[in-house]
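Peer 1: The structure's right below; bear with me while I get my questions together.
Readers should treat all values here as calculations from the given coordinates under stated rules, not as data from a laboratory. The shown structure was predicted, so the numbers you read here are calculated from the model rather than taken from an experiment. Here the Cβ is made from the backbone with ideal geometry for all residues, glycine too, and neighbour counts use every protein chain on show.
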Amino acid sequence: MNLLNPAHNAPLRRAFLLCLRSIGVPRPCYFSQNIESREPPIPLPKDHNGEPVHQKRARLLYQSRKRGMLENGLLLSTFASKYLNSMTEDELMEYDMMINFPSNDWDLYYWAAGVRPVPPEFNTSIMKKFQEHVKNENREERLAQPDLY
């Protein structure tokens, strides 16, 4: 194919011209102004102080099931199904912090799997319990999220 022949390169030329036009057009930048970080700013989780315990458990169960990645959805939903109803209020706060404060679901996954060291602020009793759950020493089958009821 001869790229210099106008009949053969019309789609390529059109795409190139569109790129040239878009380069000079200023667009709002939703990314951080920090040059080293090109990730969009992530909002902090809402403050849930004063939330009734039954409502907190329901919210955490929902958030455990609806994750950004399937692996964490399976691990957290099975963990929540097994332990959430027996957690104290302090443990519920730790669990809330564990699943809502890391800005990336992959961080949580790598910490739980032992691939990366857990930062001190997340190295709690709930994280240790979650890491044991992830090891799955009893070889439980975790192919789908547990039923809600």
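Peer 1: Label points 7 Å out from Cα along the Cβ direction at residue 140 and residue 106: separation in nm?
Peer 2: Those two pseudo-labels are separated by 2.8 nm.
Peer 1: For residue 71, what is the net charge nearby, where nearby means another residue's Cβ is under 11 Å from its Cβ and Lys, Arg count +1, Asp, Glu -1?
Peer 2: Numbers: positive: 67, 142; negative: 105.
Net charge around residue 71: +1.
Peer 1: Arranged from highest to lowest average of other beta-carbon atoms within 10 Å per residue, in what order do the peptides 80-90, 46-56, 66-76 appear? Before the final figure, lay out the partial values.
Peer 2: On the way: 80-90: 13.5, 46-56: 10.0, 66-76: 16.5.
Most protected by this proxy first, the peptides run 66-76, 80-90, 46-56.
Peer 1: A further question on this structure: Need the list of aspartates and glutamates near residue 46 for cross-linking: C-alpha distance under 16 angstrom, and skip anything on the same chain fewer than eight residues off.
Peer 2: Straight-line reach from residue 46, under 16 Å: 94, 96.
Peer 1: Now for a separate question. Net charge around residue 94, counting only other residues with Cβ within less than 11 Å of its Cβ (Lys, Arg = +1; Asp, Glu = -1)?
Peer 2: On the way: positive: 128, 129; negative: 89, 90, 91, 96, 121.
After counting each charged neighbour, the total is -3.
Peer 1: Taking R0 as 22 Å, what FRET efficiency do you get between residue 59 and residue 147 from their Cβ-Cβ distance, rounded to the nearest 0.05? Could you put the intermediate results ahead of the total?
Peer 2: Working: r = 19 Å, r/R0 = 0.85.
Here the calculated transfer efficiency is 0.75.
Peer 1: Of all trypsin sites (Lys or Arg not before Pro) in the stretch 112-149, which ones are in loop regions per DSSP and have a Cβ with at most 10 other Cβ atoms within 10 Å?
Peer 2: Numbers: sites: 128, 129, 135, 139, 142; in loops: 139, 142.
Listed in order of number, the matching sites are 139.
Peer 1: May I ask for the net charge around residue 61, where only other residues with Cβ less than 15 Å from the Cβ of residue 61 are counted and Lys, Arg are +1 while Asp, Glu are -1? Write down the numbers at each step before the final one.
Peer 2: Working: positive: 56, 57, 59, 65, 66, 67, 82; negative: 51, 91, 96, 147.
With Lys, Arg at +1 and Asp, Glu at -1, the neighbours total +3.
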